[in-house]
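Below is one structure, written out as structure tokens; comments come after it.
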Amino acid sequence: MAQVTHGTGTRVADHGGGVHSIRVPIPDNPLGHTLVHLLDTDRGPVLIDTGWDDPASWDTLVAGLTALGTAVSDIHGVVITHHHPDHHGLSGQVREASGAWIAMHEADTAIVRRTRESEPGTWLDYLVRKLAAVGAPDDHLAPLRAARGGGRLRTLPGLRAALPDREIVPGELLDLAGRKLRAVRTPGHTPGHVCLHLEERHPAGLVGNGRLFSGDHLLPEISPHIGLYEDPDDTAVTDPLGDYLASLERIGRLGVAEVLPAHQHAFTDAGGRARELLDHHKERLSGLLALLATPLTPWQLAERMEWNRPWEQIPHGSRSIAVSEAESHLRRLVKLGRAEAVPGGPPVTYIAV
Ligand SMILES: [Zn+2]
Ligand SMILES: [Zn+2]
């Protein structure tokens, strides 16, 4: 893989066989950047993900396309792995500049539509209610209640995200002239996450079944967040961790030669990485069962779980995400018959059985 740094600081890479990537920065985020991939087709270049909606990110994307000998106005289509703002943020601007179509799985398009249509205040009320029900203390809820009355709500990411105009149908080949790119359903990180399997021989002759654009589903050194994306009007109890683990097995079985993820760097041995993550979650679930020897609310469980830093140092917004991750794990344990909700509450408490 040739990695070129241009004068502007733009970093583009040639992965061979008509596939390039551009490192598009994510402002104020430890992840650093999104790897936006460019796939040549007979009808023009297609982007896989676009990057965060921020002027510096946009400039980097535009400069990257120029460095690759194309222009944003040439983009023919945009394929989005999932609705998160570091992947879908710039899609609207790309469409405006080029007339490109935007494709996404319907489950994530539904989230984009819901976010665009809902009043930020309504969403915040829902969040406060939900956090209170899982045992969040008042000092966590107070800033959210204050924001409800303040003027900061318009800055919530996703409120002006573009509505996709094409659906990605799992199992089917995307309509790309001269390329064989198949969508693989990989829910878990988000309900509509897809990986894109490039069913073509590896350009450098690596042994395996083509290449995989893995989005956030399979990353070389990060275990992706498994959260809850719930429709406040839908009472169905989802099991995103169960979905994620099944998606990992599905991807492991593909036997791809190389993975092109949306963060960090390209890697081989997708099967080995999938097994590592499956083992990691297995260990984590048994660790949680030990903690649930006494009844705990999801919040109390999140406080006791292992994160990348001590709980006291985890900022407010990340604590809300952590507790939704704790809840995803609890739902898996309940579904496996290893834990159950204790009658009473709210807040709800769970215990190992
Ligand atoms: Zn994501
Ligand atoms: Zn991401």
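The values are calculated or read from the model by the stated rules, or taken from the named source; none is laboratory data. Note that the structure is predicted; figures quoted are calculated from it, not measured. Neighbour counts are summed over all protein chains in view; Cβ atoms, including those assigned to glycine, are modelled from backbone coordinates with ideal geometry.
Exactly one residue out of Glu200, Glu221, Glu258 is within 16 Å of ligand 2 (Cβ to nearest atom) and assigned by TED's automatic domain parsing to the domain that holds Ala177: that is Glu221.
Is it the case, given these coordinates, that Gly337 is at pLDDT 95 or above and within 22 Å of Thr81 (Cβ to Cβ)? Here the answer is no, as Gly337 does not meet what is asked. For the structure I just gave you, tell me whether His263 is touching a Leu at 6+ places or on another chain (Cβ under 6 Å), touching a residue at least 24 places away in the same chain (Cβ under 8 Å) and within 24 Å of Ala326 (Cα to Cα). So His263 fits the description; yes.
The rows are residues; the columns are (1) hydrophobic (A, V, I, L, M, F, W, C); (2) assigned by TED's automatic domain parsing to the domain that holds Leu196.
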| residue | (1), (2) |
| --- | --- |
| Asp86 | no, yes |
| Ser91 | no, yes |
| Gly99 | no, yes |
| Asp125 | no, no |
| Arg129 | no, no |
| Ala136 | yes, no |
| Asp139 | no, no |
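Thr70 meets all of the listed conditions (1) at pLDDT below 95; (2) closer than 15 Å to His37 by Cα but one, namely (1). So is His281 surrounded by 16 or more Cβ atoms within 10 Å (Cβ to Cβ) and within 14 Å of ligand 2 (Cβ to nearest atom) or not? The answer is no for His281. You will find that of Glu325, Glu283, Glu276, Glu303, the residue that is farther than 30 Å from Gly208 by Cβ and away from ligand 1 (no atom under 16 Å from the Cβ) is Glu303 and no other.
Would a scan of segment 322-335 turn up a residue that is surrounded by 13 or more Cβ atoms within 10 Å (Cβ to Cβ) and outside any helix (DSSP H, G or I)? Among the residues of segment 322-335, not one is surrounded by 13 or more Cβ atoms within 10 Å (Cβ to Cβ) and outside any helix (DSSP H, G or I), which makes the answer no.
Of all residues in segment 193-227, those satisfying the criterion of being surrounded by fewer than 24 Cβ atoms within 10 Å (Cβ to Cβ) and small (Gly, Ala, Ser) are Ala204, Gly205, Gly208, Gly210, Ser223, Gly227.
Taken as a whole, the structure places His217 among residues that are of a type outside the set (Lys, Arg) and closer than 22 Å to Thr50 by Cα. Can you find even one residue in segment 295-317 that is more than 30 Å from Val36 (Cβ to Cβ), hydroxyl-bearing (Ser, Thr, Tyr), in a helix (DSSP H, G or I) and out of contact with any Asp or Glu (no Cβ under 9 Å at 6 or more places or on another chain)? No; the residues of segment 295-317 include none that is more than 30 Å from Val36 (Cβ to Cβ), hydroxyl-bearing (Ser, Thr, Tyr), in a helix (DSSP H, G or I) and out of contact with any Asp or Glu (no Cβ under 9 Å at 6 or more places or on another chain). Taking the listed residues Leu260, Leu245, Leu292, the one that is over 24 Å from His33 (Cα atoms) and touching a strand residue (DSSP E or B) at 6+ places or on another chain (Cβ under 7 Å) is Leu292, with no other qualifying.
In the set Pro55, Pro30, only one residue is in the same structural domain as Ile75 (by TED's automatic domain parsing), of a type outside the set (Phe, Trp, Tyr), within 15 Å of ligand 1 (Cβ to nearest atom) and without any contact (Cβ under 8 Å) to a residue 12 or more places away in the chain; that residue is Pro30.
Apart from one condition, Ile111 fits all of (1) out of contact with any Gly (no Cβ under 9 Å at 6 or more places or on another chain); (2) closer than 24 Å to Ile80 by Cα; (3) modelled with pLDDT under 95; (4) not charged (D, E, K, R); the exception is (1). Filtered by the rule that a residue be in contact with a Gly (Cβ under 8 Å, 6 or more places away or on another chain) and more than 19 Å from Pro203 (Cβ to Cβ), segment 45-57 gives Leu47, Asp49, Thr50, Gly51, Trp52, Asp53, Asp54, Ser57.
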